[in-house]
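*Asks:* Take this structure first; my questions come after.
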Amino acid sequence: GQLPTWLQGILLRNGPGMHTIGDSKYNHWFDGLALLHAFTFKNGEVYYRSKYLRSDTYNCNVEANRIVVSEFGTMAYPDPCKNIFAKAFSYLSHTIPEFTDNCLINIMKSGDDFYATSETNFIRKINPQTLETLEKVDYTKYVAVNVTTSHPHYDSAGNTLNMGTSIVDKGKTKYVLFKIPSSVPEHEKKKSCFKHLEVVCSIPSRSLLHPSYYHSFGITEDHIIFIEQPFRLDIVKMATAYIRGVSWASCLAFNKDDKTWFHFVDRKTKKEVSTKFYTDALVFFHHINAYEEDGHIIFDIIAYKDNSLYDMFYLKNLNKDFEEKNKLTSFPTCKRFVIPLQYDKDAGVGSNLVTLPSTATAVKDRDGNIYCQPEVLCEGIELPRINYDYNGKKYKYVYGTKVQWSPVPTKIAKFNVQTKEMLHWGEDHCWPSEPIFVPSPDAREEDDGVILTCIVRTDPKEPPFLLVLDAKTFTELGRAAVDVEMHLDLHGIFIPEQDLKTETE
């Protein structure tokens with residue numbers, strides 16, 4: 001096929017790539033050592049390269065020729081040859097765990113730099129052109145957070161916004177929203193942007209020792225949206241996991257009888273909206289988008305009824321019978337919540353406060369809290385992406401992987417949230433990755449651009465390929481086959497040519 005001449009830049013992807021080191025194996029697919037891969041678009045041609053992230057974790061494991069650094073689903077133990085004192089000491093030092101820097105989930109832009117990220121306090125700077133691993137950044141040096149999300153947001157000024165959890169800091173557990181500026185003042189050019197990191201606000205956790213797990217958060221032009229779900233980390237269990245010989249993943253629990261609480265923070269005043277909004281128990285990983293209209297916040301997420309998705313990716317389940325055996329007990333559902341920020345304070349108990357045309361409701365309960373029920377937009381899409389120019393604004397299109405009965409995607413989809421129409425691309429025995437939208441330079445409409453996705457095939461003889469679709473029609477423009485073993489990855493970004501520093505800089 002043929003690629004648009006304007007498509008110049010790098011598609012950079014990240015995900016778990018190595019699951020066996022020496023004789024040791026990770027327990028969970030999300031634990032594998034990070035493998036970066038990149039497709040460079042230059043004058044209608046595509047170049048591919050991949051490289052393992054040279055994290056401290058990677059170096060320690062490879063040197064020891066076994067897994068010596070714990071990951072979320074795999075607890076590693078010190079060398080059994082060491083003497084008893086060294087052993088006892090290492091047990092003690094694991095109370096608040098020293099987390100891994102195996103940054104395998106996403107790529108984050110900060111100023112002119114790019115970082116591989118995961119959900120610990122470490123990120124690794126990388127060179128997007130050579131995939132070389134550069135310095136390690138520890139968030140805890142700049143902000144009191146123990147874990148963070150790998151789905152930051154970027155504001156109109158290019159600043160990076162992210163959230164992390166501060167565990168039992170000064171007797172409180174809280175969710176912290178922080179901002180990394182896109183540039184530093186001229187006279188401080190040698191300092192990093194992280195030195196100027198600013199805490200925007202914090203939201204107290206409803207429980208000191210059971211903070212909510214979260215993978216992303218939402219943003220509109222005026223508000224930050226944080227969802228406190230009843231899928232929680234047990235801090236006491238986590239502190240003793242090492243001694244008990246269990247993984248940190250076993251310290252996460254979902255309580256189906258609990259509520260899910262919504263928090264809205266005003267971006268100007270940095271204060272939380274005082275009304276309490278909630279819905280039934282749910283588990284979710286990805287926010288799609290959010291916007292405001294006539295005094296309402298509208299936000300769309302992909303939600304599940306339970307946390308079975310995580311369990312499915314234990315490597316013992318990922319065998320040749322995977323397709324037959326692993327059925328999702330809970331299907332990903334695209335839910336739209338409509339939150340009336342400005343409502344009639346005299347409205348009676350039981351009255352629906354949503355005044356926009358939607359089947360979503362928000363009903364006042366006896367305590368003065370507001371119980372929200374969503375409108376279901378569609379089912380069976382995951383890894384959602386949008387045209388990021390519409391982030392926080394009213395939008396039409398979400399692009400995602402289409403999941404049928406198993407968590408492995410078989411198609412990619414374009415879904416119109418306004419008309420509920422869906423377009424697909426699919427081919428037999430093909431597993432696509434998260435679809436990334438790249439707008440065309442002269443875009444007039446939201447879907448003027450292309451979709452990029454990496455396709456892995458189930459037949460080992462068939463090479464994987466990069467697929468380029470017209471985002472409007474979902475027709476194939478071209479594909480570039482790569483004669484290497486490619487892995488299913490998680491997330492990534494497209495870096496336009498003008499955002500890449502030249503080698504001399």
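The values are calculated or read from the model by the stated rules, or taken from the named source; none is laboratory data. Worth saying up front: this structure is predicted, and the values here are computed from it rather than measured. With ideal geometry, Cβ positions are generated from the backbone for all residues, glycine too; neighbour counts draw on all protein chains shown. The accessibility values were calculated without ligands, DNA or RNA, using every heavy atom of the protein model including side chains. Shrake-Rupley method; radii C 1.70, N 1.55, O 1.52, S 1.80 Å.
Rundown of residues vs (1) in contact with a helix residue (DSSP H, G or I) (Cβ under 6 Å, 6 or more places away or on another chain); (2) within 20 Å of THR5 (Cα to Cα); (3) in contact (Cβ under 8 Å) with a residue 60 or more places away in the chain; (4) open to solvent by 60 Å² or more (accessible area, probe 1.4 Å), yes/no style:
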site	(1), (2), (3), (4)
LYS414	no, no, yes, no
VAL417	no, no, yes, no
GLY426	no, no, no, no
TRP431	no, no, no, no
ILE436	no, yes, yes, no
PRO464	no, no, no, no
LEU469	no, yes, no, no
THR473	no, yes, no, yes
GLY478	no, yes, yes, no
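*Asks:* Within the stretch 162-198, which residues are of a type in the set (S, T, N, Q) and within 26 Å of ILE235 (Cα to Cα)?
*Replies:* If the condition is that a residue be of a type in the set (S, T, N, Q) and within 26 Å of ILE235 (Cα to Cα), then ASN162, THR165, SER166, THR173 are the ones that fit.
*Asks:* A further question follows. Tell me which of these GLN404 doesn't satisfy, since it passes every other one: (1) closer than 30 Å to THR475 by Cβ; (2) in contact (Cβ under 8 Å) with a residue 60 or more places away in the chain.
*Replies:* The one condition GLN404 does not meet is (2).
*Asks:* A follow-up question, please. Just one of the numbered conditions (1) at negative phi; (2) modelled with pLDDT of 90 or more is not true of GLU503; which one?
*Replies:* Evaluating GLU503 over (1) at negative phi; (2) modelled with pLDDT of 90 or more leaves (2) as the failure.
*Asks:* Do you know which of the residues in the stretch 168-219 that are assigned to a strand (DSSP E or B) and more than 20 Å from GLU119 (Cβ to Cβ) is farthest from the chain's Cα centre (by Cα)?
*Replies:* Top of the filtered list is LYS172.
*Asks:* Can you name the residue in the stretch 402-412 that is modelled with pLDDT under 90 and of a type in the set (A, V, I, L, M, F, W, C) and, of all such residues, is surrounded by the most Cβ atoms within 10 Å (Cβ to Cβ)? Walk me through how you get there before you give the answer.
*Replies:* Going through the stretch 402-412, the residues modelled with pLDDT under 90 turn out to be 403-410.
Retained after the next criterion (residues that are of a type in the set (A, V, I, L, M, F, W, C)): 403, 405, 408.
Working: VAL403: 22, TRP405: 12, VAL408: 19.
Filtering first and then ranking leaves VAL403.
*Asks:* If you take the residues in the stretch 328-365 that are of a type in the set (S, T, N, Q) and in contact with a helix residue (DSSP H, G or I) (Cβ under 8 Å, 6 or more places away or on another chain), which one is modelled with the lowest pLDDT?
*Replies:* Checking each candidate, the answer is THR329.
*Asks:* If you don't mind, there's one more thing I want to ask. Given the residues ARG206, ARG244, ARG267, which is the only one that is open to solvent by 60 Å² or more (accessible area, probe 1.4 Å), of a type outside the set (S, T, N, Q) and within 30 Å of ILE495 (Cβ to Cβ)?
*Replies:* On the way: ARG206 fails: within 30 Å of ILE495 (Cβ to Cβ); ARG244 fails: within 30 Å of ILE495 (Cβ to Cβ).
Within the list ARG206, ARG244, ARG267, the selection yields ARG267.
*Asks:* Might you check whether a residue that is part of a strand (DSSP E or B), modelled with pLDDT under 95 and within 16 Å of GLY426 (Cα to Cα) occurs anywhere in the stretch 461-478?
*Replies:* There is no residue in the stretch 461-478 that is part of a strand (DSSP E or B), modelled with pLDDT under 95 and within 16 Å of GLY426 (Cα to Cα).
*Asks:* Testing MET238 on (1) assigned to a helix (DSSP H, G or I); (2) of a type in the set (A, V, I, L, M, F, W, C); (3) open to solvent by 60 Å² or more (accessible area, probe 1.4 Å), one condition comes back false. Which one is that?
*Replies:* Failed condition: (3).
*Asks:* Another question about this same structure. When you go through THR140, THR120 one by one, which is the residue that is under 26 Å from PHE30 (Cα atoms), at pLDDT below 95 and part of a helix (DSSP H, G or I)?
*Replies:* After applying the criteria, what remains is THR140.
*Asks:* What about ASN121, is it in contact with a helix residue (DSSP H, G or I) (Cβ under 6 Å, 6 or more places away or on another chain) and open to solvent by less than 10 Å² (accessible area, probe 1.4 Å)?
*Replies:* Taking the combined requirement at face value, the residue does not satisfy it.
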